[in-house]
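Only one structure is covered here, and it is reproduced in the block below.
The values are calculated or read from the model by the stated rules, or taken from the named source; none is laboratory data. As the structure is a computational prediction, the values presented were derived from the model and not from experiment. A quick note on method: Cβ atoms are made from the backbone with ideal geometry, for glycine too, and the neighbour counts reach across all protein chains shown. When the accessible area is computed, the model is the full protein with side chains, heavy atoms only, and any ligands, DNA or RNA have been set aside. Shrake-Rupley method; radii C 1.70, N 1.55, O 1.52, S 1.80 Å.
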Amino acid sequence: MAAVLAQLGLPCETAGSGEEALRILETRRIDAVISDLQMPGMSGMELLVKVRQRYPQMVFLVVTGVDDIRVGVQAMRQGADDYLVKPLQVDANIVSASLARAWHVKRLEQEVENYRHHLEEIVAEQTQQLREALRQIERSYDHTLEVLGAAIDLRDSPTAGHSRRVFLYSVEIAKALGGLENQMRNIAMGAWLHDIGKLAIPDAILLKPGPLTDGERAIMQRHAQIGYDLVKGIPFLADAAEIIFAHHERCDGSGYPRGLKAQEIPAGARIFAVADTFDAMTSDRPYRRALPFEASREVIEKGAGKHYDPQVARVFLGIPDERWEVIRRETAAIQDFAYATASDIQALSKPVESASK
């Protein structure tokens with residue numbers, strides 16, 4: 001066999017056992033192994049297993065007897081590339097053809113492996129491009145939020161900063177309640193845009209310093225429906241739209257526009273009701289000065305179970321006044337409420353993304 005390989009121009013190393021063959025493989029560059037199955041010590045099948053483990057791309061031919069061809073077939077099932085039958089009628093063409101077939105198959109396998117790796121690289125690159133595209137979409141969402149928030153504040157200047165404060169108050173209460181991580185972003189957006197329907201309310205009513213007439217109040221109350229209609233068709237605001245629609249509902253059914261009760265009201269809207277009342281009472285209005293925190297806490301405590309969800313009210317009352325004071329100071333120090341709030345809302349989505357990956 002060594003002589004035949006030499007005639008083919010293929011240098012050959014011979015080994016008297018499987019152990020010796022492995023030592024040769026460790027020290028020399030070898031492209032193919034031709035091994036008998038019956039050898040002293042390590043068998044050909046054992047050698048095949050070890051070579052496949054250490055050198056998976058190496059060509060491996062087995063030599064088997066004419067009466068035991070099934071063993072050669074079994075060896076191919078375990079990873080051999082071809083088999084030669086004894087007694088060997090040594091023919092350079094037969095050996096050459098067998099090696100050529102095996103090398104051709106190995107090249108094809110390597111090409112497939114290279115293609116697979118290349119395909120993985122392509123998929124990874126396209127995935128990165130998709131992530132970047134999604135980030136750009138999120139940034140465009142943020143710009144949309146910024147513009148909408150700025151429009152609301154400009155429209156209702158006497159309550160400037162109100163949307164940002166109730167947004168932060170709502171997030172604080174939601175965090176304290178727990179279990180709302182997946183809803184946090186929608187709660188934040190609903191709180192931030194809750195008054196967007198006021199863009200359609202006439203100035204004479206929206207900015208009226210005194211009490212509203214019954215007719216004016218009916219027009220003012222339409223802002224919940226108007227706000228819902230404005231944003232419900234925007235996919236990334238669809239869930240927040242439900243909070244906008246229900247932000248004036250009350251647990252006892254006395255709210256508007258649908259008179260929802262208790263659990264019929266979305267969780268975000270129940271949280272917002274407390275945050276909105278708290279901010280409305282502790283902020284200056286054209287018709288009165290801001291009330292102290294203690295007065296607003298008493299109103300919410302008395303209204304628990306009637307106007308306000310009792311669990312939300314309980315959690316709110318458990319948060320120290322110092323926390324609300326910090327939020328008010330931070331809000332007062334920020335001139336660009338829209339930009340700051342959009343950035344905060346974007347940050348709320350990060351824990352949710354990590355959990356989906």
Query raised in the report: Among (1) of a type outside the set (Asp, Glu); (2) open to solvent by less than 40 Å² (accessible area, probe 1.4 Å); (3) outside any helix (DSSP H, G or I); (4) at pLDDT 90 or above, where does SER283 come up short?
Result: (4)
Report summary line: If you go through ALA238, ALA224, ALA191, the only one that is farther than 30 Å from GLU301 by Cβ and among the hydrophobic types (A, V, I, L, M, F, W, C) is ALA238
Query - Whichever residue in the range 205-219 is in contact with a helix residue (DSSP H, G or I) (Cβ under 8 Å, 6 or more places away or on another chain) and modelled with pLDDT under 90 and, among such residues, is surrounded by the most Cβ atoms within 10 Å (Cβ to Cβ) - result: LEU206
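Quick one: in the range 28-45, which of the residues that are surrounded by 15 or more Cβ atoms within 10 Å (Cβ to Cβ) and touching a Gly at 6+ places or on another chain (Cβ under 9 Å) is nearest to ALA97 (Cα to Cα)? Steps first, answer last, please.
So in the range 28-45, the residues surrounded by 15 or more Cβ atoms within 10 Å (Cβ to Cβ) come out as 30, 32-37, 39, 42-45.
Then drop every residue that is not touching a Gly at 6+ places or on another chain (Cβ under 9 Å), which leaves 35-37, 39, 42-44.
Numbers: SER35: 17, ASP36: 18, LEU37: 21, MET39: 25, MET42: 28, SER43: 25, GLY44: 22 Å.
Per the stated criteria, the residue is SER35.
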Query raised in the report: When the residues of the range 286-311 are filtered to those that are more than 20 Å from SER254 (Cα to Cα) and not in a helix (DSSP H, G or I), which remaining residue is least open to solvent (accessible area, probe 1.4 Å)?
Result: ALA290
Requested in this report: Name every residue in the range 168-201 that is in contact (Cβ under 8 Å) with a residue 60 or more places away in the chain, open to solvent by less than 10 Å² (accessible area, probe 1.4 Å), part of a helix (DSSP H, G or I) and under 12 Å from VAL231 (Cβ atoms), in order of residue number.
Outcome: MET189, GLY190, TRP192
**Report entry** The one condition in (1) assigned to a helix (DSSP H, G or I); (2) open to solvent by 40 Å² or more (accessible area, probe 1.4 Å) that LEU5 fails to fulfil
**Finding:** (2)
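Okay, residues lined up against (1) open to solvent by 70 Å² or more (accessible area, probe 1.4 Å); (2) at pLDDT below 85; (3) among the aliphatic types (A, V, I, L, M):
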{"position": "LEU22", "(1), (2), (3)": "no, no, yes"}
{"position": "GLU26", "(1), (2), (3)": "yes, no, no"}
{"position": "ARG54", "(1), (2), (3)": "yes, no, no"}
{"position": "LEU61", "(1), (2), (3)": "no, no, yes"}
{"position": "ARG77", "(1), (2), (3)": "yes, yes, no"}
{"position": "PRO87", "(1), (2), (3)": "yes, yes, no"}
{"position": "TRP103", "(1), (2), (3)": "yes, yes, no"}
Report task. Could you check, for the range 220-241, whether at least one of its residues is out of contact with any helix residue (DSSP H, G or I) (no Cβ under 7 Å at 6 or more places or on another chain), closer than 18 Å to ILE187 by Cβ and of a type in the set (D, E, K, R)? Result -> no
